[in-house]
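What follows is a set of notes on a single structure, which appears directly below.
The values are calculated or read from the model by the stated rules, or taken from the named source; none is laboratory data. As the structure is a computational prediction, the values presented were derived from the model and not from experiment. For neighbour counting, all protein chains shown are included, and Cβ atoms are generated from backbone atoms with ideal geometry for every residue, glycine included. Accessible surface is based on the protein model in full, side chains and every heavy atom, while ligands, DNA and RNA are left aside. Shrake-Rupley method; radii C 1.70, N 1.55, O 1.52, S 1.80 Å.
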Amino acid sequence: MSEDWKFWEMQPAVGCSEEDLDIDEIFVTLEESIRRGRSVDPGTREPLAVLRGLGLLVNGEQLSRAAVALFCKDEVALPEFPQFNLRVARFKGTSRDEFLDNRQYTGNAFALMRRAERFLIDWLPVASKIVSGQMARIDTPALPTEAVREALANAFIHRDYTSAAGSVAVALYDDRLEVISPGELHFGLTPEILYQPHESKPWNPWIAKVFYRRGLIETWGRGTLRIASLMQSAGLPVPTLHENSGSVVMTFKLPEPRGGVNVGANVGANVGANVGANVGANVGVNVGVNVGVNALFPYIQANPGHRAVEMAASFKVTQRTIERWLKQLREEGRVEFVGSPKTGGYYPKQ
């Protein structure tokens, strides 16, 4: 029997079928993998054939648990897999005594990761500055977007899926961000080793492979090192990593608030969008477009593959407004549309 059968992810997903899967999510993964040169075009878009090419079928044509974890339908609870969920919370102060926001979601790993990113866009502090000679405000997240995305991806890749009670969690406080992954460190790895060059030993290697092909991680075995490098490049402390009550917790220290830093609800993309719309109405369309563009680009960085209709809903503006902002970003060479008109989306241009 193959070694893969020792892992939870490559056991058959008994009771699950193609009807339980988000086919668009499968196609987006394939198109992005082909675009990045990480997969060869199989010449078919038949879902089971695509999953076979990703190594996610077992016993011939049976779905693996990894296939369901990656591609089950969003917001559809599967009784067999109650662990396919995400918890996000914004706490008041530096303890868990009082919530400002508390949500729980169910779905596939990609959809849950997008929800975590949207939550952080809404709640993470944003540093704002006015560039000399420009009316547009430049908003910069308190933490590097790529570092936070890498931490979230690692949480979904390395988590222990065997526990029905476990879930990836994001906890934001006034002074720190915690990304929590259920399970323990394995294969003799320690927090100290993970911040040194080390061999890649993912606990869920097939899930990790698909995240790599999707472009959500860049290099195997370098996740923590990349996070450390990104934080240091931003002049911020390297996040700490520790095990706590059966979970692995990565903690980012938030920078001290300075002049021009907005802290509180909806200080991310939504505020940028609303300011863009209001300024556009009051002082001219061009200024409104610039402000909106400055908010939209980091949103696309944090949510690659989203379509205009999703952006309009998140920013609470019309789709026509979003398309105007996207037009400017395309003309500036900052974003591109990837995939078919039906399943494709917008991505930062490489």
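Taking all protein chains together and rolling a 1.4 Å probe, THR240 ends up with roughly 80 Å² accessible.
Using 0.36 nm per residue and subtracting the Cα-Cα separation, the extra length available between GLN104 and GLN11 on full extension is 30.8 nm. For the range 1-129, report the % of Cα-Cα distances exceeding 27 Å. That tail contains 33 percent of the Cα-Cα pairs. For the range 9-75, the solvent-accessible area with a 1.4 angstrom probe is 41 square angstrom per residue. The modelled label-to-label distance for the pair SER233/SER340, using points 7 Å beyond Cα in the direction of Cβ, is 3.5 nm.
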